[in-house]
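**Student:** Sharing a structure below in structure tokens format, with a few things to ask.
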Amino acid sequence: MSICFQRFGVKQKERIASFKTSVDVLTLSATPIPRTLYLALTGFRDASLISTPPPERVPIKTHLSPYNKEKVALAVKNELDRGGQVFYVLPRIKGLEQVNVLLNNDLVYSPVIFVILGLTGLEEVKDFLEHSFPDVEIAIAHGKQYSKQLEDTMEKFALGEIKILICTNIVESGLDIQNANTIIIQDVQQFGLAQLYQLRGRVGRADKEAHAYLFYPDKSFLTDQALERLQAMEECRELGQGFQIAERDMGIRGFGTIFGEQQTGDVGNVGIDLFFEMLFESLSKVEEHCVVSVPYNSVEIDLNVNPHLSSEYINYLENPIKIIGEAEKAAEKDIWSLVQFTENLRRQYGKEPHTMEILLKKLYVRRMAADMGIMRIYASGKMVGMKTNMSRRVFKLMTDSLSSNVHGNSLVIEGDIIKAELLLELPSEQLLNWVFQCLSELHACLPNLIKY
């Protein structure tokens with residue numbers, strides 16, 4: 001016989017286990033708290049991992065971005081257009097009128113600060129969404145509502161009668177609504193890492209591609225721990241990565257005490273001398289981890305790939321010149337904007353023809369190259385060269401972080417040139433595909449590095 005624990009604190013678990021000391025105890029958690037994880041890693045408790053996702057489940061696309069009303073409206077519109085439903089999650093019920101709950105009494109903040117931080121409540125968000133989508137059923141759900149009202153709201157949302165549910169983290173667990181495949185989390189920096197992982201798991205419960213939009217205020221208002229949490233969410237996007245999330249959470253918050261009730265935090269403080277020694281050591285390594293991006297329009301691509309406006313291409317688009325201009329603008333802005341443009345284009349016109357695919361890949365190559373400080377890409381016979389401002393240290397970190405060694409093993413850096421020697425000379429379009437795949441793998445390593 002065994003007892004299964006879920007969502008209990010240290011006191012409760014120890015109290016229940018003490019009733020029958022001969023009974024085995026099984027603790028279940030998608031993201032174990034730091035203390036529990038540390039007990040498992042150090043051998044105090046046995047642990048097993050369930051990392052196989054359900055059949056046909058696909059990874060949730062995670063979009064991390066500063067708060068922007070236009071992006072919010074676009075995310076909601078995209079989900080509604082495909083007949084789905086949306087979770088909109090905030091960390092608080094009310095906005096500015098209850099700021100005293102969020103602040104220490106000895107601090108005074110200007111209302112301007114709250115505008116910058118985007119500290120809004122459920123009603124403010126509802127007003128915005130009702131104005132943007134007047135014909136859509138929108139409801140609010142939070143823990144201070146009467147139980148009957150909350151139950152009715154959740155039942156209507158589960159049945160599909162409510163299309164947008166604005167709520168607090170009350171929806172964190174226990175919901176399986178397969179038609180809800182977009183979740184928007186505002187002021188994401190105020191949630192814990194495990195909370196964010198659980199909230200993201202509210203969507204993507206079937207075989208349809210789901211999206212999680214994590215919005216934060218300007219980075220200058222975020223603490224170091226908040227930035228680390230956001231970086232962890234950006235990196236751990238695949239299915240079954242709850243254990244990796246928990247490891248990152250333990251690294252950020254500390255593992256607490258083994259023989260006590262403290263579930264997070266460091267056991268002791270370091271002295272001031274050791275602190276400054278560690279600080280200066282870390283600062284000396286910062287420059288080695290920097291990736292200095294270059295302007296998008298300054299990147300040269302000399303691969304002899306120039307797709308023309310063929311009849312197939314012109315028939316595909318209603319206004320090809322305008323669409324190409326929009327694609328260029330999106331690529332010039334950032335990679336997120338280019339991805340959004342591509343998704344919208346496919347949603348409107350379907351899968352792009354070959355000519356358009358080549359053009360888009362060329363834009364992606366230039367955008368990714370700019371992000372990684374690559375100023376020129378060229379080919380000479382079987383050799384591909386990329387002129388860059390990247391240091392050897394950064395290059396090694398990026399290639400060591402590659403999930404696949406298909407491209408990493410062929411890359412070397414000599415001076416300011418990254419080189420790759422191919423097995424044979426490729427035609428121009430195949431060469432572009434190779435460069436696209438190579439840069440995609442390298443670009444995925446950027447979250448591990450400091451980026452200017």
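The values are calculated or read from the model by the stated rules, or taken from the named source; none is laboratory data. Everything numeric in this text was worked out from a predicted model, so none of it was measured. Please note: Cβ atoms are built from the backbone with ideal geometry, for glycine as well, and neighbour counts cover all protein chains shown.
Table: residues versus (1) part of a strand (DSSP E or B); (2) of a type in the set (A, V, I, L, M, F, W, C); (3) exposed (fewer than 15 other Cβ atoms within 10 Å of the Cβ); (4) at pLDDT 90 or above.
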position: Met386; (1), (2), (3), (4): yes, yes, no, yes
position: Met398; (1), (2), (3), (4): no, yes, no, no
position: Ile413; (1), (2), (3), (4): yes, yes, no, no
position: Glu425; (1), (2), (3), (4): no, no, yes, no
position: Phe436; (1), (2), (3), (4): no, yes, no, yes
position: Glu441; (1), (2), (3), (4): no, no, no, no
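**Student:** Follow-up. So in region 198-219, with the set limited to residues that are part of a helix (DSSP H, G or I) and in contact with an Asp or Glu (Cβ under 9 Å, 6 or more places away or on another chain), which one is farthest from Gln145 (Cα to Cα)?
**Tutor:** Among them, the one singled out is Gln198.
**Student:** Do any helices (runs of 4 or more DSSP H) entirely within region 82-176 hold 3 or more residues that are modelled with pLDDT under 80, and if so, which?
**Tutor:** By residue number, 111-117.
**Student:** Give the residues of region 200-229 that are more than 22 Å from Glu343 (Cβ to Cβ) and among the aliphatic types (A, V, I, L, M), sorted by residue number.
**Tutor:** Leu222, Ala226, Leu227
The rows are residues; the columns are (1) touching a strand residue (DSSP E or B) at 6+ places or on another chain (Cβ under 8 Å); (2) of a type in the set (D, E, K, R).
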site: Phe341; (1), (2): no, no
site: Gln348; (1), (2): no, no
site: Thr355; (1), (2): no, no
site: Leu360; (1), (2): no, no
site: Gly373; (1), (2): yes, no
site: Gly381; (1), (2): no, no
site: Val384; (1), (2): yes, no
site: Lys396; (1), (2): no, yes
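**Student:** For region 24-72, name all the residues that are modelled with pLDDT of 75 or more, in a loop (DSSP other than H, G, I, E, B) and among the β-branched types (Val, Ile, Thr).
**Tutor:** Selection gives Val58, Ile60.
**Student:** Something else: In the list Glu281, Glu287, Glu332, which residue meets the criterion of being at pLDDT 90 or above, among the charged types (D, E, K, R) and not in a loop (DSSP other than H, G, I, E, B)?
**Tutor:** When all the criteria are applied, what remains is Glu332.
**Student:** Cβ contacts < 6 Å: first residue part of a helix (DSSP H, G or I), restricted to region 220-234; second residue polar (S, T, N, Q) and modelled with pLDDT of 80 or more, any location; separation 6+ or different chain. Result?
**Tutor:** Once the first residue is part of a helix (DSSP H, G or I) and sits in region 220-234, its partners that are polar (S, T, N, Q) and modelled with pLDDT of 80 or more give Ala226/Gln189.
**Student:** Given the condition closer than 17 Å to Gln437 by Cβ and surrounded by fewer than 16 Cβ atoms within 10 Å (Cβ to Cβ), answer yes or no: does some residue in region 355-375 qualify?
**Tutor:** yes
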